[in-house]
Amino acid sequence: MKILVVGGGGREHAIIKKLKENPAVNTVYALPGNGGMSNDAICVDIGAKDIDRIVAFAVEQQVDYAVVAPDDPLVLGCVDALEEKGIPCFGPRANAAIIEGSKVFSKNLMKKYNIPTAAYEVFEDCDAALAYLETAPIPTVIKADGLALGKGVIIAETREDAKQAVISMMRDGQFGKSGSRVVIEEFLTGPEVSVLAFTDGKTVAPMVSSMDHKRAGDNDAGLNTGGMGTVAPNPYYTDDVAAVCMETIFLPTIAAMNAEGRTFKGCLYFGLMLTPNGPKVIEYNCRFGDPETQVVLPLLESDLLTVMQAVTNGTLADTPVVFKKQHACCVIMASNGYPQAYDKGFALHIPAEIADTVYVAGAAIKDGQLVTAGGRVLGATAVAESLPAAIDGAYALVKQIRFDNAYYRKDIGQKALKA
Ligand code: AMP
Ligand code: GLY
């Protein structure tokens, strides 16, 4: 089988490695992929947002199946365009990907269908938003409506910071059109849990839960990043909590999307906060999380391609989705300076013996040598019988990987250990 994977980060590398465990998969194309995954996939220099060229390539190569992993192409209708050419796909169509593409849409959906989330107001006018902030409870949370590379959420600790955030989004156009509407919402507290779920629009099969570490520095200090490490399962997500989430959040969300004529098929990511008043939705993503995927898929016992095809065909109810009863930890190695300015182009050494559990996000091949090419360079994942052993294993991998200016958090998993 020939499979095409749209995207080029660590998440895509983890998806590709898992797909290749199925012996029927003989060719995987990654568009664009990155130099660090060239042993696992044929990387083709077509950008993940270049829908026309993606479709042309898929038709020309007669691929049997396509997995569209990142948010941008999903929101732009990549799945719709591939399906029009008769190519079966994993991922939601554009009309369902809007659950991530517009925070206003997702907040209104939750309100309409009584799905627990933070109280909120929507503003299309900067002055109205500023007036509201005069009396809004502080801290408050300001969210750009559209996609903003994971940077569109500001937790404002003071009224002044809140106003500044609104002004940069709405008046100064910090995120372009994505910030022309904003959501201002209630600040919630409690442990955060990421739950990715396969769904074919009828059945929901949650994957093992996970915990992201979004801040750049140890003890959650510093700037927000795309994610500096993950562990799975998340110890806060007990069976009881899972049952409540299924009843009050997962099933109602699938039903709500169906009722809106926007059936969601693919991986739906629930970003949850376990508040003193029960689990609430912080955000939906229309895709696998990064770096959640790098701990969740290594724990998947079932065949990934089989599960994905069941999602596409609407037969998920008849397809077992089983996870190993083990623990995983992924530590992200980044270029020093990330998420702000950083240097790249440093030689990257990953010993061949550990390459199986290293997911490369930002690397390129230059003059036959692997070099760093991004802020987040790679994630090293270990699977073990206990969380402490998984953490130790991941850090042991990190110690064997070398590139200049490497930076990583030293405390991935510590919060989970204390839970
Ligand atoms: P996002 O970029 O949407 O993943 O949000 C970034 C982070 O902001 C989340 O992981 C939460 O830690 C935090 N956050 C978002 N919304 C809220 C909220 N209503 N209350 C408290 N924290 C929030
Ligand atoms: N790790 C957070 C995300 O994928 O959005």
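Are any residues in region 1-30 in a strand (DSSP E or B) and either in contact (Cβ under 8 Å) with a residue 60 or more places away in the chain or open to solvent by less than 10 Å² (accessible area, probe 1.4 Å) (or both), and if so, which ones?
Selection gives Lys2, Ile3, Leu4, Val5, Val6, Gly7, Val28, Ala30.
Looking at Gln326, Gln340, which one is of a type in the set (S, T, N, Q), away from ligand 2 (no atom under 16 Å from the Cβ) and over 30 Å from Met246 (Cβ atoms)?
Working: Gln326 fails: over 30 Å from Met246 (Cβ atoms).
Only one candidate qualifies: Gln340.
Please count how many residues of region 151-173 are within 13 Å of ligand 1 (Cβ to nearest atom) and open to solvent by 20 Å² or more (accessible area, probe 1.4 Å).
Total satisfying the criteria: 5.
Go through the residues of region 113-121 one by one and say whether even a single one is over 25 Å from the mean Cα position of the chain (by Cα) and farther than 30 Å from Met333 by Cβ. Show your work before the answer.
Our first condition is that a residue be over 25 Å from the mean Cα position of the chain (by Cα); within region 113-121, this holds for 121.
Still in the list and also farther than 30 Å from Met333 by Cβ: 121.
Scanning region 113-121, I find at least one residue that is over 25 Å from the mean Cα position of the chain (by Cα) and farther than 30 Å from Met333 by Cβ, so the answer is yes.
Based on this model, can you work out whether Asn277 counts as within 24 Å of Pro88 (Cα to Cα) and either open to solvent by less than 30 Å² (accessible area, probe 1.4 Å) or within 16 Å of ligand 1 (Cβ to nearest atom) (or both)?
No: the conditions fail for Asn277.
Would you check if Ala148 is under 28 Å from Pro339 (Cβ atoms), in a loop (DSSP other than H, G, I, E, B) and open to solvent by less than 10 Å² (accessible area, probe 1.4 Å)?
The answer is no for Ala148.
Looking at Gly47, is it open to solvent by 20 Å² or more (accessible area, probe 1.4 Å) and away from ligand 2 (no atom under 16 Å from the Cβ)? Don't jump to the end; show me each part of the working.
On the way: open to solvent by 20 Å² or more (accessible area, probe 1.4 Å): yes; away from ligand 2 (no atom under 16 Å from the Cβ): yes.
Considered against the rule, which asks whether it is open to solvent by 20 Å² or more (accessible area, probe 1.4 Å) and away from ligand 2 (no atom under 16 Å from the Cβ), Gly47 comes out as yes.
Only strands (runs of 3 or more DSSP E) wholly contained in region 321-400 count here; list those with 1 or more residues that are closer than 22 Å to Asn34 by Cα and open to solvent by 40 Å² or more (accessible area, probe 1.4 Å). Step through it out loud before you land on a result.
Details: elements: 327-335, 358-360, 363-366, 369-372, 376-384.
Output list reads 363-366, 369-372, 376-384.
Please name all residue pairs, on different chains or six or more residues apart, with Cβ atoms under 8 Å, provided the first residue is in region 205-217 and is on the phi > 0 side of the Ramachandran plot and among the charged types (D, E, K, R) and the second residue is within 13 Å of ligand 2 (Cβ to nearest atom) and in a strand (DSSP E or B).
The qualifying pairs do not exist here.
Which one of the conditions (1) open to solvent by 50 Å² or more (accessible area, probe 1.4 Å); (2) over 26 Å from Phe105 (Cβ atoms) does His213 fail to meet, given that it meets all the rest?
Of (1) open to solvent by 50 Å² or more (accessible area, probe 1.4 Å); (2) over 26 Å from Phe105 (Cβ atoms), only one is false for His213: (1).
The values are calculated or read from the model by the stated rules, or taken from the named source; none is laboratory data. None of the values given here were measured: they were computed from a predicted structure. Because the Cβ atoms are built from the backbone with ideal geometry, glycine has one as well, and the counts that use them run over all protein chains shown. When the accessible area is computed, the model is the full protein with side chains, heavy atoms only, and any ligands, DNA or RNA have been set aside. Shrake-Rupley method; radii C 1.70, N 1.55, O 1.52, S 1.80 Å.
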